[in-house]
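The values are calculated or read from the model by the stated rules, or taken from the named source; none is laboratory data. Treat the numbers as computed from the prediction; the structure is a model and nothing was measured. Here the Cβ positions follow ideal geometry from the backbone for every residue, glycine too, while neighbour counts run over all protein chains shown.
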Amino acid sequence: MKNKLHELRATKKWSQSDLADKLGVSRQTINAIETEKYDPSLPLAFKVARLFKKPIEEIFEDTEK
Amino acid sequence: MLDKKASMLYNAGAMNNKPNIPEKLIPGKNYSFWADMKVNGWLTSAILTAFVSDMLLHSDVSRYFHLHEKDWPVVFGLLHPHAEDWPVVIRVIIELIPVLFSLLWVRSVARWIRGMDELHRRITLEACLFAVIGTLLVVITWHRLDKAGVLEAIFQPPSPPFEHWDFRQFAHLDLNQFVLTIVLLWFFYFLGHSIFNRRYK
């Protein structure tokens, strides 16, 4: 699943650790999501969406469409 | 707009900013002794009390560890010879204390895993499954080789302290095989953890 987490994080000038702290996950999890090695759970995806004040589908793109 | 309850839930999640990470328990730069004790303190207690109960009630301990009465006069001269005459209730309590501590250890491990974030929880559970399957395979294979007489041919004569490698005695939690099984579990856990962790790096 593709995502815009890296771009969104860059616009806020947050490091991976900053974002990890805000979401209550580890830095490795943020890195794995950004490099598309790991797809987040629905609750975490909602948290990301809430944090960036954007709809989920704007951040995460379903590549199986 | 979030209502008050939803807002509290969201904030409670955000307050938990430091999820547990498995590296805190693995020797390395992130290792934390206190985190290790928080998780494995009950395991340490279980091992120590199991050792005490083994020395008191199990006749094969002195043979495995080459312990002599002259070195341990109170245990092997005074307590151990009379342990069989102790009331059943006392012996049951002595034997069950390590089991109780083991259960508490399982609870602390479960809590530790629950405190991880979702990625590390997945890696840890995958590593645990890998460890259990790996250990079972080794134990079963070892047992089959032993029954076929292969091990006897290889380890002839058997070298102490492992005088007999028969996993049939595992049902009695025979000391050397119990320790060996724990070592195998740890070995496969660390192996599995490094394999599955690499996938997400």
- How many residues are modelled with pLDDT under 75 and aromatic (Phe, Trp, Tyr) when one looks only at the range B:133-155? 1
- Query: Among the residues of the range A:41-55, how many are more than 23 Å from residue B:116 (Cβ to Cβ) and surrounded by 13 or more Cβ atoms within 10 Å (Cβ to Cβ)?
  - Reply: 2
- Members of the range B:83-111 that are assigned to a helix (DSSP H, G or I) and more than 30 Å from residue B:121 (Cα to Cα): B:83, B:84, B:85, B:88, B:89, B:90, B:91, B:92, B:93, B:94, B:95, B:96
- Scope the range A:10-65; condition among the polar types (S, T, N, Q) and within 12 Å of chain B (Cβ to nearest Cβ); matching residues: A:17, A:26, A:28, A:29, A:31, A:35, A:41
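Matching residues to (1) under 16 Å from residue B:103 (Cβ atoms); (2) at pLDDT 85 or above:
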{"residue": "B:20", "(1), (2)": "no, yes"}
{"residue": "B:29", "(1), (2)": "no, no"}
{"residue": "B:39", "(1), (2)": "yes, yes"}
{"residue": "B:53", "(1), (2)": "yes, no"}
{"residue": "B:59", "(1), (2)": "no, no"}
- Message: Yes or no: the range B:67-81 includes at least one residue that is modelled with pLDDT of 85 or more, more than 30 Å from residue B:197 (Cβ to Cβ) and surrounded by fewer than 17 Cβ atoms within 10 Å (Cβ to Cβ).
- Response: no
